[in-house]
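Please read the structure below before turning to the comments.
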Amino acid sequence: MYRTLASTLRALRRRLFSSSVIAMSCPYKQPQHKLTMIPGPIEFSDEVLYAMLTPSQAHTSPEFVATFQSVLSNLRKLFQSTDKAAQPYVLAGSGTLGWDVAAANLVQKDDKVLVLLTGFFSDSFADCLRVYDVNVDVLTAPIGDVVPLADIEKQLKAESYKAITITHVDTSTSVVSDVEAIAAVVKKVSPETLIFVDGVCSIGVEDLKFDDWGIDFALTASQKAIGVPAGLSIFFASARAVEKALARQKDSTFFASLKRWTPIMKAYESGSGAYFATPAVQAITALKVSLDEIVSEGLSARLAKQEETSTKFKKDMELLGLRILPVNHSVAAHGLTAVYFPENVNGGDLLAKLASKGFTVAGGIHKALVGKYFRVGHMGYSVYAGHVDLVSKAIKESVEELSQ
């Protein structure tokens, strides 16, 4: 089974990458393996994995300084920001670290923050804020939907908030929120409110115009659409967010302090080595390779390709008679799809059948729907390597076999 899958993948890669801008000569070829088709970590290109084999380098060496400088410069392109006073950051850690950074640097004890809840991860962001003694109000969307703009506007008029959190894509439900529209409401009703965006499962696959939409803090991670093994917390802060963090009177964190990290990032971006804590040299080297691929292709083209793949996958599922969790396609994310299990098929059996065919997909984690749905990731490298059509075919075959 794995030999057949591997030979099919090789043929697809030759065809898909022959004229691709991300094709390049790479001496490393990853071994055949079960394909990880979850919403992160995703599959990674040979070139990115090869970069993880970079021999040891001093974190202040000219070679690594040049690598990190390139990474920070390209992150400005990924977040679509030209504001020199805004600042990109890359820290060793998971995307979750970004929540702590926002909570520890940009709000204070007893500040009020409005959380828009569209699933498990929005809820967890609220829990993180509460650890820092922040007063959290929550607007909860119906399962599979987004919080209505009218509700957001009403709440912002009723209360004064230091910040609002938007989970761009909640990975638990595969629902995508309209960050542009929400930000416009905030700017109209409460322009002093900071806008935090959890973009862990959106940056690199959904459009996010940091400057144009007036975002103050956007966080993501390496292992999803950016296409690098887990281990990097990536975030971007606006000029007013940086100013607020640097003016903070009393620190509530050490490692996650923007007071400590901002001069480090500025030094690397200007081409000088600096030290506060040792960066993840190999992971950042791999991040350079991935960002080079994204920038070379063009962000708009990459977003369009992933949207096209997402639309086709969702249609494939619906042709099988399966129902996606989002209430409609307008609130359905492009990097993953949450799908209800068929009524006549045991969910665990379907996941096991897919595993036997060489694919790992994710179960559902929304507290109200545990055991009722599964999630398939379709972002980054897999979109170009033909993996999404393969897993779609495997789902069709598995449903048919289990329905007999």
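Before moving on, here are some points about what is shown:
- Out of I215, I234, one residue alone is part of a loop (DSSP other than H, G, I, E, B), within 23 Å of S122 (Cβ to Cβ) and out of contact with any Asp or Glu (no Cβ under 9 Å at 6 or more places or on another chain). It is I215.
- Single match in L208, L149 (criterion: under 17 Å from the mean Cα position of the chain (by Cα) and not basic (K, R)): L208
- Highlighted here are the helices (runs of 4 or more DSSP H) found entirely within region 117-209 that include at least 1 residues which are among the polar types (S, T, N, Q): 120-131, 149-158.
- Any hit, region 107-117, residues being open to solvent by 10 Å² or more (accessible area, probe 1.4 Å), modelled with pLDDT of 95 or more and of a type in the set (V, I, T): no
- When each of V147, V200, V205, V186 is tested for being surrounded by 22 or more Cβ atoms within 10 Å (Cβ to Cβ), farther than 23 Å from A338 by Cβ and among the aliphatic types (A, V, I, L, M), the lone residue that passes is V186.
- Given (1) assigned to a helix (DSSP H, G or I); (2) in contact with a strand residue (DSSP E or B) (Cβ under 9 Å, 6 or more places away or on another chain); (3) open to solvent by 10 Å² or more (accessible area, probe 1.4 Å); (4) not acidic (D, E), number of the condition A304 does not satisfy: (2)
- Within region 361-380, residues that are crowded, with 23+ Cβ neighbours inside 10 Å reach partners that are among the β-branched types (V, I, T) and modelled with pLDDT under 95 with beta carbons closer than 7 Å, at six or more positions or on different chains, in the pairs G364/V370.
- In the condition set (1) at pLDDT 95 or above; (2) open to solvent by 30 Å² or more (accessible area, probe 1.4 Å), R14 is compliant with all but (1).
- Hits in region 74-89 (condition: open to solvent by 50 Å² or more (accessible area, probe 1.4 Å) and outside any loop (DSSP other than H, G, I, E, B)): K77
- Pairs where the first residue, in region 50-66, is over 14 Å from A274 (Cα atoms) and the second is part of a loop (DSSP other than H, G, I, E, B), C-beta under 6 Å, 6+ apart: Y50/C26; Y50/Y28
- Flag for S398 being farther than 27 Å from S122 by Cβ, hydroxyl-bearing (S, T, Y), open to solvent by less than 30 Å² (accessible area, probe 1.4 Å) and at pLDDT 95 or above: yes
- Odd one out for V175 among (1) over 27 Å from F341 (Cβ atoms); (2) touching an Asp or Glu at 6+ places or on another chain (Cβ under 8 Å); (3) crowded, with 24+ Cβ neighbours inside 10 Å: (1)
The values are calculated or read from the model by the stated rules, or taken from the named source; none is laboratory data. If you're wondering where the values come from, they're calculated on a predicted model, not measured in any experiment. Glycine also receives a Cβ, built like all others from the backbone with ideal geometry; neighbour counts cover every protein chain displayed. We work out accessible area using only protein heavy atoms, side chains counted, and drop any ligands, DNA or RNA first. Shrake-Rupley method; radii C 1.70, N 1.55, O 1.52, S 1.80 Å.
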